[in-house]
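Engineer: Take this structure first; my questions come after.
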Amino acid sequence: MNPATYLAGLPAFLAYFAVAVALLAAFAYLYTHSTPHKEWALIKANNPAAATAYGGSIIGFVLPLHSAISNSVNLVDCVLWGVVALVVQIATFLVLRLLIRDLPRRIHDGEIASGIFVAALSIAVGILNAASMTY
């Protein structure tokens with residue numbers, strides 16, 4: 001078989017991968033600007049609660065993004081569902097912040113239980129979000 005045949009899907013792969021990376025970058029930017037604490041500074045200072053919470057939120061975003069890529073009918077459809085995933089994941093933190101009023105301080109102070117809780121809920125919501133995108 002011609003090697004070019006194997007690479008026929010490369011342009012689509014590159015397009016979807018580039019969109020996914022751009023959406024991930026947008027999510028990372030918007031998430032860090034929607035929290036009152038500075039994730040990157042806390043992570044650089046070796047704060048495990050911040051790293052756990054932020055890592056869980058990223059996983060919680062990427063899970064439905066994977067579903068959007070897998071189930072979309074085209075690139076525009078993928079972007080739209082990726083934006084839905086982004087909004088849902090940021091809303092998850094905002095709701096958690098309402099439920100646990102001192103959550104940002106707890107994360108800032110390195111309280112690991114708070115970081116684990118945020119990560120677990122972010123991943124759980126991401127799984128539900130991803131499952132809901134299997135249309």
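Engineer: Which ones in the stretch 94-116 are more than 22 Å from Ala45 (Cα to Cα) and either assigned to a helix (DSSP H, G or I) or open to solvent by 60 Å² or more (accessible area, probe 1.4 Å) (or both)?
Structural biologist: Leu94, Val95, Leu96, Arg97, Leu98, Leu99, Arg101
Engineer: Scanning the stretch 17-39 for residues that are touching a residue at least 60 places away in the same chain (Cβ under 8 Å) and open to solvent by 50 Å² or more (accessible area, probe 1.4 Å), which turns out nearest to Ser122 (Cα to Cα)?
Structural biologist: Among residues in the stretch 17-39 that are touching a residue at least 60 places away in the same chain (Cβ under 8 Å) and open to solvent by 50 Å² or more (accessible area, probe 1.4 Å), the one nearest to Ser122 (Cα to Cα) is Leu30.
Engineer: Can you run down the residue pairs with Cβ atoms below 7 Å, 6 or more apart or on separate chains, where the first is in the stretch 107-135 and within 20 Å of Thr32 (Cα to Cα) and the partner is modelled with pLDDT of 95 or more and not in a helix (DSSP H, G or I)?
Structural biologist: Short answer, once both residue conditions are applied: Gly110/Asn47.
Engineer: I'd like the full set of residues that are open to solvent by 50 Å² or more (accessible area, probe 1.4 Å) and among the hydrophobic types (A, V, I, L, M, F, W, C), limited to the stretch 124-135.
Structural biologist: Ile127, Leu128, Ala131 - these are the residues of the stretch 124-135 that are open to solvent by 50 Å² or more (accessible area, probe 1.4 Å) and among the hydrophobic types (A, V, I, L, M, F, W, C).
Engineer: Looking at Leu80, Leu42, Leu86, which is the one that is open to solvent by 60 Å² or more (accessible area, probe 1.4 Å) and in a helix (DSSP H, G or I)?
Structural biologist: Exactly one of Leu80, Leu42, Leu86 is open to solvent by 60 Å² or more (accessible area, probe 1.4 Å) and in a helix (DSSP H, G or I), namely Leu80.
The values are calculated or read from the model by the stated rules, or taken from the named source; none is laboratory data. No experiment lies behind these values; they were computed from the predicted model shown. Positions of Cβ are generated from backbone atoms using ideal geometry, with glycine treated the same way; all protein chains shown enter the neighbour counts. Side chains included, ligands, DNA and RNA excluded: accessible areas come from the protein's heavy atoms. Shrake-Rupley method; radii C 1.70, N 1.55, O 1.52, S 1.80 Å.
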